[in-house]
Amino acid sequence: MLVFQIGLSQDKVLFVFDQTTNLPIENANIFYPDLNDGTFTNSEGKASIYIKNSDLKITSLGYADVVLEMKKNKISDTIFMIPIIVQLDEIVIKSFNLNKALRYVLDKYEDLYVSIPFEKECNFKETVIIDNQLKRLILAKVNWWDKTYQLQKKSDIKLRLGAIDYNKNVSLNIYVDVPRINENNSGYVVPNSLVSTIYLNSLLSNFINFTKNITSKIEESPSNQIIASFETDWSTANNVSSRSIGKITFDKQSSAIVDFINSVEYKNNLVKGIVKENKKESVIETKKSYTRLTFYKTFNEKWTLKSFESNIEGSISYDNKIHPSVFGNSIYVLKETAVSKVNNDGLIDLSKPIYQSLPGTTITGTNSILLNKDESDFIESK
């Protein structure tokens, strides 16, 4: 009995690949359905999961689910997922209306998505890349509580800080002649600015209200889904031009959105400033922003957030040099439970960047997203 318990109390590293292409599958969800607990693969298709005496399920959009019977002694380290056979329905293609489908989701939002008080144990990941080199990497547990997954004017959103897996910042090496600006913690995204995009109802409302002249088409879709790609015309406001390109996946049975991808391209999106110490000009240009939300179905047949990704691509021009930049933030839901109330211990101030809430030392936890090779090299470098 003792040997059996020790055998189950271990982490297991899994590799998940596409059976057809042999390419790694990123963000595949690896979880215990009975326990609502799990993790995700990284960009190399690699994940580490804490072994428990329960069946393990692997899911990814566009692939057939894989179930591993963890009660068995031997489970392969390498998993190949089978792409779902495409079945096009001509009637659906001709009758589908994207705007109507989006408004239906908003109208039926509480019926489609989890609407009870919840607490999500998440991995929060932040990266900053300047001149194609990592300058910041934060990976931390964040417990997210709210009364409902629906952003309202008086939402009681609470984020509590948990274990810190990694927290490393280095100088951006841009404003080298102005240490005040070039310090390690310069350049960040404030959590408040991300909140409205994490909640699907808020994101959809803004998308519908501000996205004009949209054209869409149905792509090859599995039999249980409808995948609609879309594109908008360029529009200009305050001398800044933009357009949206993306893809939305609907569950055919419930008509809920299970995957939302929106990439916004910009022209002339510039913010100019003057550094007061030396009167030099600094120009920040945003060229593209990217947002993705994915969902999975819970035991009560409602959908709940699985992962959120957001990044901003652009450049910082200073002292006759242009520095390409990418700021990325992601949230991966590792575990979700129904919780009516939580205490206020360790709450994160949403008006400040995440790194200002982090302790100086790391506190490694279990079932975290694994780093890829470039990220591991960055953490290990001096």
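If R0 is 25 Å, what FRET efficiency do you get for LEU358 and ASP319 from their C-beta distance, rounded to 0.05? Once rounded, the FRET efficiency stands at 0.25.
Once the Cα-Cα distance is subtracted from the 0.36 nm per residue extended length, the ILE157 to LYS252 segment shows a gain of 31.1 nm. A simple spin-label model places pseudo-atoms 7 Å from Cα toward Cβ; at GLN150 and VAL176 they are separated by 5.5 nm.
In loop segments of the range 197-252 as defined by DSSP, the GluC sites (Glu not before Pro) with at most 13 further C-beta atoms inside 10 Å of their C-beta are GLU220.
With K and R counted +1 and D and E -1, the other residues having a Cβ less than 15 Å from that of PHE308 yield a net charge of -3. Taking the accessible area of the range 241-382, probe 1.4 Å, and keeping the other protein chains in place, the carbon and sulfur fraction comes to 49%. At q = 0.18, 0.19, 0.21, 0.24 Å⁻¹, work out log10 I(q)/I(0) for the range 9-101 with the Debye formula, treating every Cα as an identical point scatterer and leaving solvent out; two decimals please. Normalising to I(0) and taking log10 leaves -0.79, -0.85, -0.97, -1.19. Protein heavy-atom accessible surface, 1.4 Å probe, per residue over the chain: 52 Å².
Over all orientations, the chain has a Cα convex hull whose mean projected area works out to 21.9 square nanometres. Compared with the direct C-alpha span, the chain from ASP77 to GLU380 gains 106.5 nm at full extension, assuming 0.36 nm per residue. Here the chain carries DSSP beta bridges of which approximately 95% are antiparallel, counting only pairs with both residues inside. Per residue of the chain, the DSSP helices (runs of n ≥ 4 H) give a summed -39500 (n - 2.57) that works out to -4000 deg cm²/dmol at 222 nm.
This model, with +1 at the C-beta of Lys and Arg and -1 at the C-beta of Asp and Glu, gives the chain a dipole about its Cα centre of some 740 debye. Quick one: grab the alpha carbon gyration tensor of the range 114-220, order the square roots of its eigenvalues as a ≥ b ≥ c, and give me rounded if a/c is under 1.5, else prolate or oblate depending on whether a/b is larger than b/c. Cα axes put the range 114-220 in the oblate bin. Taking 0.36 nm per residue of separation and subtracting the current Cα-Cα distance, fully stretching the chain between TYR290 and GLU219 would add 23.5 nm.
Here is the size of the range 259-382 from its Cα atoms: Rg then Dmax, 19.5, 61 Å. Against the empirical 2.2 N^0.38 Å (N residues), the range 48-167 has a Cα radius of gyration ratio of 1.51.
Quick one: if you stick a label point 7 Å off each Cα along the C-beta vector at ILE93 and ASN343, how many nm between them? Taking the two extended label points, one gets 5.9 nm.
The values are calculated or read from the model by the stated rules, or taken from the named source; none is laboratory data. Here the structure is a predicted model, which is why all the values come from computation and not from measurement. Methodologically, a virtual Cβ is constructed for each residue, glycine included, from the backbone with ideal geometry; neighbour enumeration extends over all protein chains shown. Keep in mind that these areas ignore ligands, DNA and RNA; they rest on the heavy atoms of the full protein, side chains included. Shrake-Rupley method; radii C 1.70, N 1.55, O 1.52, S 1.80 Å.
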